[in-house]
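Below: the structure, in structure tokens.
Rule-based calculations on the coordinates, nothing more; no lab input. Quick caveat: nothing in here was measured; it's all calculated off a predicted structure. Because the Cβ atoms are built from the backbone with ideal geometry, glycine has one as well, and the counts that use them run over all protein chains shown.
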Amino acid sequence: MKAAHERKINEHFEIAPQIIKKKKTGEKEFWLNPMLYNVGIYLMTPILLGVFIGFTLDRILKTKPFFVIIFILLGTIGSFYNFWKIAKK
């Protein structure tokens, strides 16, 4: 017959893997979603592209702040749209 402390240890070892499996599957469903890792990229890319395009057009057309401001605003709108798509899922 097993001692009481041996039974407790065996019970913990049998129960613990089941708890860990449940936690891991729960985390996989939410935290391993690749879209969540790329949220920063989805939000910053339109703004950075807007700055780059704005500076390029201002340099070519010699209209210093005009296109930068317009494309930063368009990039910000694009970022909010991307955030809305992500939040919707």
Inset, instruction - State the extension gain, in nm to one decimal, for the chain segment bounded by Lys89 and Leu48, taking 0.36 nm per residue of separation less the distance between their alpha-carbons. - result: 12.3 nm
Inset, instruction - Between Thr63 and Ile41, with labels modelled 7 Å along Cα→Cβ, what's the label distance in nm to one decimal, could you check? - result: 3.3 nm
